[in-house]
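To start, the structure under review is shown below, and the notes come after it.
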Amino acid sequence: MAKGTGMTKVLAVGIGILTVSSVCGLVMMAVMYKIQIDNYPPVSPPPPIKPTVIPTGPPPNLRLPDHFIPESYKVFIQPYLYAAITNNYTNQSFAFTGNSTVRVKCMKRSMSIFLHAQDLNVTTVEVRKSDSNEKLSVRSYKIHHNESNFFEIQLEDAMSENGTYYIFTKFEGELFDGLDGFYVSQYTEKVKAKEEEEEEDEDQKRFLATSMLQPTNARRVFPCFDEPALKAVFDITVIHRPGTVALSNAEGDADQTEIDGEEWIVTKFEETPIMSTYSLAFTVSDFKCIMTHSSTKMHVCARKDAIEAGHAEYSLKVTEDILKQYQKIFGLNYPLTKIHQIAFPDISVAAMENWGVISYQESGLLYDKYTASTFDQERVATLIARELAHQWFGNLVTMRWWNDLWLNGGFATYMSYFGVEADGWDLKDLIVLRETQTAFQVDSLNSSHPLSLQENDVQTSSDITELFDAITYSKGAAVLRMLATFMTQEAFDNGIRTYLAKFEYKNAAYKDLLTCLQKETKEDVEGFMSTWIEQVGYPVITIITQTGETSQEHFLLKQTQGHDFAWQVHIIYIKARELTEKTDFLKVKGPVRRPHFQLQDKDDWLLANINCVGFFRVNYDEENWNKLRMQLERNHRVIPIINRGQLIDDAFNIARAHRLNVTIALNLTKYLVNDTEYIPWESALKNLDHLILMFDRSEVYGPITKYLRKLITQLYDTFEEYTINGTVPEKHTDQYNQVNAISVACSNGLTKCITMARSLFENDKNSSNKFSIHPNLRKAIYCSVIANGDENDWEFAWEEYKRATVAAEKDKLRYALSCTKEIWLLNRYLQYTLDPSKIRKTDMVSTINYIAKNVAGQPLAWDFVRGHWSYITQEYGAGVISLGSLLDAVTKRFSTDVELEELKQLQREQEEKKQGIAARALEQVIERTEANIKWVKENKQIVKDWFTGEL
């Protein structure tokens, strides 16, 4: 056999012994390891330390990051303009410079700072530690020229968590004339000629600088944390020209000094309470003020000639009365030591509630007892009441973010109806006309919005500006009125006191309010109110009185699939057989059967939503509508005054939404020949005016005018003796109805009205007393004469307008000038709105709106707005509500496909330019036009036949 190649036996045995030994060793090691593990269990190693992420980039959205909390600002502002141009001052300057030091607390380690700045040239930035004054190295800074308006500062070294720092900036800006930010306004003032020169008084130019910082314009004056929750105290110093006075939120001391060889006044103001940037204000002018000394120093300031003429005296008196009323209602004293109220020739809104220094249009603050109407006087009182209410609701307690703006606007509007009672004005019933019915119109559109939106849905300045609308102010007020009725006025007032005391100098969300109110009642306040605050729109409650079947549905003029909403509805109702008020509560959509809504007697009727305290409409079966109509015709006084207006308003609008035959609504107006109360008449005229807007360019208009002439004659006759004698009735609402009677009778061709107006006009024209027509009637009389007159009448009124020095008087004439039917005069008038020397910038939008109301002027106004849209949006892009009201007014008549396409074209152009200005308002008028087109097509013949049948 062959030779073997395997290992020897000795070697094999050796390997075996070694292997066994190795195995035994391994077993022994395993046993020992187990013993050690049991005695000393292992500890997990520490996780790796992650490096701290220091934020450096811009925030993910348009809100400021929460890295910094401002505590105080020290701001110096130096506007260079002169109040008057004289021989000594030839170079006018519309510039300002300044510096700001803001003390901030750093909440997390950071190498970047974000605050706001816009339209400023920031020349210096320094960051220092507050304790050591050590200067941190600034790597770079820049303003983001986009919708964020962020002012970004990048540092070389990080700021420490919980450290406090000073951010110092120097800046330059321009005083624009756009009525926002820190802006310049120009006006003329009569300067008396020296007696020895025997010259006429001279009009001299005057200039002033003032601020309008709401909602996001503080950033246009100095770099700041321009969000309402980022409250701080402000130490303001204004450096201004000799001969001018500076005013701000707190009291100030003025000293004269020399800077770079020039004389200046340095006014240093006391530190403000902790407040939001938008409530800050400062103004520089040569205005004069009057004041009253009480526990709070109250001042009213205006042009010197207005003060000397006594036009500020009523405001001063009513301010003191209303302030005392609010302190009593709110259980909290006004927190500042003074109030300045200033009447400005140019301001983009009716008034602005800056804390302690409130701004007004002249017609909203000044009252000339010789030329003003009682309506002018009422407007002054109500506007002051609203702005004073804001001193608590908005300034003392501020909404956390703009999505809850209604906590400011709705409350101030609602409380103003209580505030004016201090001066003897009883206007509470008018809240239904002015707030409830106004809000109904906007809130019946799909493009409306809830009272409170989600915070993330409100980001840009345009988003914020769009919220200053009828939903925020009017619906807010109407819903608060409903809540006060639901939980009793006393409980509501107690809850409000708790809310103000708990959140003074702080910010709140709407649920904070509801929590405070809930403590005062057993009712489920949050459950009830959340449906009205968080949901868009409102319901129509339908009651079938034959069965008692009751349901609710989202009310929309343009019916889509709608939202599957159910509101908690508190229904107060009466029946013909038992006129005592009873209540019902509807929480579901239904239909559900309500036996107490079922009518057993053929003569019985049901009336729901007594005094229209609920923010909803009510629809009935046709039988109940007819019974209510017959009751009105038989004895209308059985139905409460507010409900007489509510029935008409509900019926017409439910008909517009295709839920009711329009003839039922029209039939309700016939009873008015026997009613002289203002609320039902005003409700009817507003709804009939909508029919006129739909049909005054068609053959339906003739029968409408004849019916209105017949309907109004008795009301006109009721007030005719007053009118001819140049007097007015004592009751305030009768005064309103006297004007209604004249306006409707004259505009619908009642011969004796037109003759009366011409006679009074000619007497006024030839009289040495240019105010022989009672101020209440002047607007209506002049409108009638100019509508039926010629160029000479228009020119006379234009000269009167130019001569008038009182803003309220100019407003009446400005409206009357829009009434002419002469196309060339209306076109000329539209062109005047582009010239501030003819029509002030503050009056531009309302003048175009007046012209658009005229059937001859509406297409001209629309073409004018489209042709000048870029200019108008540039001038009024930051105005709080002007553009929305402009779009609303110039498109009210739109009811054709051509007009709809023109609107959509404007919308497309806006989108192409990526302009968000008035986007919601544009969406709303498009939706309203679509609804009008559908309704007119379906109802034109029905409406024509009804009016023809009534002649």
Exercise for the section: Among what's in region 383-425 and is touching an Asp or Glu at 6+ places or on another chain (Cβ under 7 Å) and of a type in the set (Asp, Glu), pick the residue that is modelled with the lowest pLDDT. Expected result: Asp423
Completion exercise
region 764-857: helices (runs of 4 or more DSSP H) wholly inside it with 1 or more residues that are over 25 Å from Leu750 (Cα atoms) are 791-803, 807-816, 823-832, 844-853
Completion exercise
Just one listed residue, out of Ile786, Ile872, Ile839, is under 28 Å from the mean Cα position of the chain (by Cα) and either surrounded by fewer than 17 Cβ atoms within 10 Å (Cβ to Cβ) or farther than 28 Å from Asp203 by Cα (or both), and it is Ile872
Exercise for the section: Read through the list (1) within 20 Å of Leu666 (Cα to Cα); (2) at pLDDT 90 or above, then give the number of the only condition that Leu951 fails. Expected result: (2)
Handout entry: Any hit, region 799-812, residues being of a type in the set (A, V, I, L, M), open to solvent by less than 20 Å² (accessible area, probe 1.4 Å), at negative phi and in contact with a Phe, Trp or Tyr (Cβ under 6 Å, 6 or more places away or on another chain)
Key = no
Problem - Residues located in region 456-475, provided they are in contact (Cβ under 8 Å) with a residue 60 or more places away in the chain and not in a loop (DSSP other than H, G, I, E, B) - result: Asn456, Ser461, Ser462, Asp463, Ile464, Thr465, Ile471, Thr472, Tyr473, Ser474, Lys475
Practice task
For region 129-149, indicate whether the set of residues that are in a strand (DSSP E or B) and open to solvent by less than 10 Å² (accessible area, probe 1.4 Å) is non-empty.
Solution key: no
Practice task
Examine region 307-328 for a residue that is assigned to a strand (DSSP E or B), touching a residue at least 40 places away in the same chain (Cβ under 8 Å) and not small (Gly, Ala, Ser), and state whether such a residue exists.
Solution key: no
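Looking at region 730-742, can you tell me whether even one residue there is open to solvent by 60 Å² or more (accessible area, probe 1.4 Å), outside any helix (DSSP H, G or I) and under 21 Å from Thr676 (Cα atoms)?
Yes, region 730-742 contains a residue that is open to solvent by 60 Å² or more (accessible area, probe 1.4 Å), outside any helix (DSSP H, G or I) and under 21 Å from Thr676 (Cα atoms).
Do you know which residues across region 111-121 are open to solvent by less than 60 Å² (accessible area, probe 1.4 Å) and touching an Asp or Glu at 6+ places or on another chain (Cβ under 8 Å)? Break it down into steps so the answer makes sense when it comes.
Narrowing region 111-121 to residues open to solvent by less than 60 Å² (accessible area, probe 1.4 Å): 111-118, 120.
Answer for region 111-121, where residues must be open to solvent by less than 60 Å² (accessible area, probe 1.4 Å) and touching an Asp or Glu at 6+ places or on another chain (Cβ under 8 Å): Met111, Ser112, Ile113, Phe114, Leu115, His116, Leu120.
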Problem - Count of residues meeting criterion [at negative phi, part of a strand (DSSP E or B) and surrounded by 20 or more Cβ atoms within 10 Å (Cβ to Cβ)] in region 160-192 - result: 9
Exercise for the section: Scan Lys765, Lys812 and give me the residue that is in contact with a helix residue (DSSP H, G or I) (Cβ under 9 Å, 6 or more places away or on another chain) and over 27 Å from Gln361 (Cα atoms). Expected result: Lys765
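Determine whether region 613-621 contains at least one residue that is among the acidic types (Asp, Glu) and farther than 13 Å from Gly548 by Cα. Break it down stepwise before answering.
Going through region 613-621, the residues among the acidic types (Asp, Glu) turn out to be 621.
From the residues that got through so far, the ones that are farther than 13 Å from Gly548 by Cα too are none.
There is no residue in region 613-621 that is among the acidic types (Asp, Glu) and farther than 13 Å from Gly548 by Cα.
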Handout entry: Residue list for region 613-645, filter: part of a helix (DSSP H, G or I), under 16 Å from Thr542 (Cα atoms) and touching a strand residue (DSSP E or B) at 6+ places or on another chain (Cβ under 7 Å)
Key = Asn624, Leu628
Completion exercise
Here the residues within region 919-951 that are over 17 Å from Gln441 (Cβ atoms), hydrophobic (A, V, I, L, M, F, W, C) and open to solvent by less than 40 Å² (accessible area, probe 1.4 Å) are Ile933, Val936, Val943, Trp946, Phe947
Handout entry: Scope region 329-377; condition part of a helix (DSSP H, G or I), over 16 Å from Cys301 (Cβ atoms) and open to solvent by 10 Å² or more (accessible area, probe 1.4 Å); matching residues
Key = Ile329, Thr374, Phe375, Asp376, Gln377
Handout entry: Members of region 419-440 that are part of a helix (DSSP H, G or I), of a type outside the set (D, E, K, R) and open to solvent by less than 30 Å² (accessible area, probe 1.4 Å)
Key = Gly419, Val420, Leu430, Ile431, Val432, Leu433, Thr436, Gln437, Ala439, Phe440
Practice task
May I ask you to list the residues in region 516-543 that are of a type in the set (A, V, I, L, M, F, W, C) and touching a Pro at 6+ places or on another chain (Cβ under 8 Å)?
Solution key: Ile533, Val536
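Which members of region 276-294 meet the condition of being touching a residue at least 24 places away in the same chain (Cβ under 8 Å) and assigned to a loop (DSSP other than H, G, I, E, B)? Can you show your working first?
From region 276-294, those touching a residue at least 24 places away in the same chain (Cβ under 8 Å) are 276-287, 289-292, 294; that's our starting set.
Correct list: Ser276, Leu280, Ala281, Asp286, Phe287, Ser294.
Of all residues in region 491-505, count the ones that are under 19 Å from Trp402 (Cα atoms) and open to solvent by less than 40 Å² (accessible area, probe 1.4 Å). Full working, then the answer.
Of all residues in region 491-505, those under 19 Å from Trp402 (Cα atoms) come to 499-500, 503-505.
With open to solvent by less than 40 Å² (accessible area, probe 1.4 Å) added as a condition, the list becomes 499-500, 503.
Residues that pass the stated criteria total 3.
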Handout entry: Which listed residue is closer than 24 Å to Ile692 by Cβ, touching a Phe, Trp or Tyr at 6+ places or on another chain (Cβ under 6 Å) and open to solvent by less than 30 Å² (accessible area, probe 1.4 Å), from Leu825, Leu886, Leu900
Key = Leu825
Completion exercise
The condition of being without any contact (Cβ under 8 Å) to a residue 12 or more places away in the chain, under 25 Å from the mean Cα position of the chain (by Cα) and either more than 27 Å from Ser276 (Cβ to Cβ) or crowded, with 19+ Cβ neighbours inside 10 Å (or both) holds, among Ala484, Ala478, Ala508, only for Ala484
Exercise for the section: Return the residue satisfying two criteria in turn: it lies in region 563-598 and is within 37 Å of the chain's Cα centre (by Cα) and β-branched (Val, Ile, Thr), and of such residues it is surrounded by the most Cβ atoms within 10 Å (Cβ to Cβ). Expected result: Val569
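For Glu520, state whether it is within 23 Å of His563 (Cα to Cα), modelled with pLDDT of 95 or more and of a type in the set (D, E, K, R). Spell out how you get there, then give the answer.
On the way: within 23 Å of His563 (Cα to Cα): no; modelled with pLDDT of 95 or more: yes; of a type in the set (D, E, K, R): yes.
When the stated conditions are applied, Glu520 does not pass them.
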Handout entry: Qualifying strands (runs of 3 or more DSSP E) (wholly inside region 230-275; at least 2 residues being under 30 Å from Asn395 (Cα atoms) and free of Cβ contacts under 8 Å to residues at least 40 places away in the same chain)
Key = 252-259, 262-269
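Are any of the residues in region 223-236 out of contact with any Phe, Trp or Tyr (no Cβ under 8 Å at 6 or more places or on another chain) and farther than 27 Å from Thr296 by Cα? Explain how you work it out, then say what you get.
So in region 223-236, the residues out of contact with any Phe, Trp or Tyr (no Cβ under 8 Å at 6 or more places or on another chain) come out as 230.
Filter once more, keeping what is farther than 27 Å from Thr296 by Cα: 230.
Yes, the conditions are met somewhere in region 223-236.
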Practice task
Collect the residues in region 230-288 that are more than 27 Å from Pro345 (Cα to Cα) and small (Gly, Ala, Ser), keeping them in residue-number order.
Solution key: Ala232, Gly261
Exercise for the section: Please indicate, with yes or no, whether at least one residue in region 658-668 is open to solvent by less than 40 Å² (accessible area, probe 1.4 Å) and part of a loop (DSSP other than H, G, I, E, B). Expected result: yes
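Would you say Ile754 is within 34 Å of the chain's Cα centre (by Cα) and either surrounded by fewer than 17 Cβ atoms within 10 Å (Cβ to Cβ) or of a type in the set (A, V, I, L, M, F, W, C) (or both)? Before the answer, list the steps.
On the way: within 34 Å of the chain's Cα centre (by Cα): no; either surrounded by fewer than 17 Cβ atoms within 10 Å (Cβ to Cβ) or of a type in the set (A, V, I, L, M, F, W, C) (or both): yes.
Here the answer is no, as Ile754 does not meet what is asked.
The values are calculated or read from the model by the stated rules, or taken from the named source; none is laboratory data. Note that this is a predicted model, so its numbers are computed, not measured. Because the Cβ atoms are built from the backbone with ideal geometry, glycine has one as well, and the counts that use them run over all protein chains shown. Areas reflect the complete protein model, heavy atoms only, side chains present, ligands, DNA and RNA absent. Shrake-Rupley method; radii C 1.70, N 1.55, O 1.52, S 1.80 Å.
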